[in-house]
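Written out below as structure tokens is the structure these notes cover.
The values are calculated or read from the model by the stated rules, or taken from the named source; none is laboratory data. Worth saying up front: this structure is predicted, and the values here are computed from it rather than measured. All Cβ positions, glycine included, derive from the backbone under ideal geometry; neighbour counts span all protein chains shown.
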Amino acid sequence: MQGSISDIINDLALGNQAVDVANFETALTFYNAVNARIASISINNAASPEEIEKLKTLRSEVNRHIAVVNELQRYAQVFNEKPRRPMTSDTVSESRASYAPPSRHPVQRVSVNVRPKPNRVASPSPRTNPQPGARAAGVRPRPSVRVINDKRPTNSPTVQHSSVARPGERRVGKAVGTRPPAKGRPGGRQVGSADPARGGAGGQKHESEEGEFRCSPDEQAMAAVIEGTMIRPDQKDSLNVKMEDIVGSRDAKRAIEQAVCYPILAPKLLGLSVTPFRGVLMFGPPGTGKTLLAKAVAAQSDATMFICSSADLTSKFRGESEKLIKLLFAMARHYAPSVIFIDEVDALISNNAGGGDSGDASRRAVSEFQTQMEGVLTPQGDKPVVLIGATNYPWNIRPAMLRRFDKRVYVPLPTVEDVENILRKKMQRAVDDRSIADIDGIDFKALAARLDGYSGSDVDVICRNVCIKPMDRAVEMFGIGKITEMVDGDGMDRSALLEQVGKVTMDDFEVVIEGVEPSVDKALLKQYEEFNNSKKSA
């Protein structure tokens with residue numbers, strides 16, 4: 001009984017999914033299978049009377065669905081018919097002149113399906129509007145849609161719908177929300193194109209007139225997701241980070257520049273025998289600046305940046321994760337030179353994936369990653385595509401994927417000298433912003449010795465807490481209401497107020513450091529060192 005009920009539920013769900021994609025024949029097959037299973041249960045008395053009553057109610061509901069689907073199928077056939085020419089005075093006179101009385105011997109008529117010429121949009125037919133019956137049923141039929149690339153210089157893509165689309169034709173459309181590339185950047189890849197005027201068969205690389213990425217209509221929503229992660233070279237100021245702003249990590253910065261900046265900025269200096277690295281893996285304790293390094297190298301190399309996470313490349317629908325990954329690399333090749341940065345990449349390509357369907361989905365995603373990373377090495381002239389992954393748990397990455405990251409860069413904790421430089425830079429910036437009065441009397445060298453073993457983000461948290469201490473003293477002395485009146489009413493500068501309540505002192509640092517523990521323990525540091533010694537390649 002349980003098996004039959006589960007089969008009924010499964011067939012009903014598959015039928016509903018088929019209706020959603022306008023596959024009415026398949027939907028009717030599943031609905032009829034549901035009726036057959038219900039009849040079998042009723043005949044064999046394999047259920048209680050209450051359950052049989054519920055099944056009868058379900059059967060009547062399924063029959064109602066079948067009637068609606070039959071109506072939708074009839075409307076779909078109407079949509080696929082060749083549109084008639086609009087009736088005008090000329091056509092009426094022509095039809096009257098060509099009228100002949102019916103013959104006693106009927107002539108057999110043969111319909112000829114003539115496909116319209118490419119890039120030709122027929123006038124909309126008045127028969128394309130859905131009938132009221134379909135809308136009243138709660139389901140609207142989905143006629144075939146032909147998406148035409150509009151060449152007018154508009155800010156947003158234009159999508160035109162035509163009623164003459166034939167079943168089985170491949171249509172080409174723009175990705176939703178795509179923007180034109182930077183000046184001087186040639187066009188690139190066109191996905192799913194079947195237009196001979198655009199350069200031949202679909203899937204081939206060729207230049208488009210507008211230089212925009214094109215994909216099939218089914219991929220437009222996914223292309224919009226990927227485009228939301230893209231930062232173009234003319235938008236690199238939004239990254240707001242430079243390589244010289246990052247303190248420490250000298251070996252990591254040099255390795256990243258060799259892997260990314262050299263092939264993009266000076267490809268001819270490497271020679272033909274030196275191919276660009278297809279993947280760079282940055283690993284190390286959390287809070288050491290791996291994400292900042294990736295953003296800085298993208299800004300320095302003047303490349304298109306894709307900043308993704310596992311949430312951008314995973315979907316609950318079967319097969320869409322692989323499509324997202326494939327679309328990401330296709331867009332990266334189109335806007336090359338480009339850098340794909342995936343934070344916490346171990347969430348996508350780890351060893352300890354769950355069992356069942358989730359494990360199968362993870363394997364398919366990893367397989368697509370491997371295929372796309374192999375394709376990155378295809379000769380691309382001076383337009384390479386580099387994948388940068390960042391992870392705090394490199395030992396969880398599958399060996400096959402680890403091998404495809406040609407450069408594996410260890411980003412360690414900052415040294416004592418680096419911590420001192422971070423402290424000076426953070427506190428001096430607070431003085432420049434008038435968050436504090438000044439930093440005279442602060443022994444940064446002694447503080448750096450105290451903070452040995454802290455990450456860069458830990459030091460940043462300490463500096464922010466220290467900068468709040470003078471304001472805490474001001475609130476204790478005057479109260480928050482009085483301070484607001486003093487600053488806003490009298491025009492007193494915030495730094496002048498802080499001069500009255502005292503400057504930042506070493507005692508403030510001591511109090512804050514006592515309340516902040518390092519985020520990385522020594523056992524985890526040892527594990528990073530062991531992995532670096534066994535797997536390092538930079």
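Worth a mention:
- Among the residues of the stretch 313-365, those identified as within 21 Å of Pro286 (Cα to Cα) and either assigned to a helix (DSSP H, G or I) or at pLDDT 85 or above (or both) are Ile340, Phe341, Ile342, Asp343, Glu344, Val345, Asp346, Ala347, Leu348, Ile349.
- Selection from the stretch 450-468 of residues that are among the aliphatic types (A, V, I, L, M), without any contact (Cβ under 8 Å) to a residue 60 or more places away in the chain and in contact with a helix residue (DSSP H, G or I) (Cβ under 6 Å, 6 or more places away or on another chain): Val459, Ile462, Val466
- Selection status of Met282, modelled with pLDDT of 90 or more, part of a strand (DSSP E or B) and in the same structural domain as Asp343 (by TED's automatic domain parsing): yes
- Any hit, the stretch 476-486, residues being touching a residue at least 12 places away in the same chain (Cβ under 8 Å), aliphatic (A, V, I, L, M) and within 21 Å of Pro286 (Cβ to Cβ): no
- The residues of the stretch 426-456 that are exposed (fewer than 14 other Cβ atoms within 10 Å of the Cβ) and more than 16 Å from Met506 (Cβ to Cβ), listed by number, are Gln428, Arg429, Asp432, Asp433, Arg434, Asp452.
- Which listed residue is exposed (fewer than 12 other Cβ atoms within 10 Å of the Cβ) and at pLDDT below 80, from Pro83, Pro106: Pro106
- Residue in the stretch 31-50 that is under 26 Å from Phe317 (Cα atoms) and of a type in the set (Val, Ile, Thr) present: yes
- Residues that are within 17 Å of Thr291 (Cβ to Cβ) and part of a helix (DSSP H, G or I), drawn from the stretch 223-242: Lys236, Ser238, Leu239
- Near pairs, Cβ below 6 angstrom, 6+ apart or cross-chain, from the stretch 396-422 (more than 13 Å from Phe283 (Cβ to Cβ)) to any residue that is surrounded by fewer than 18 Cβ atoms within 10 Å (Cβ to Cβ) and of a type in the set (Asp, Glu): Val416/Asp452
- Residue count for the stretch 293-326, restricted to those that are surrounded by fewer than 23 Cβ atoms within 10 Å (Cβ to Cβ), farther than 19 Å from Pro233 by Cβ and not hydroxyl-bearing (Ser, Thr, Tyr): 11
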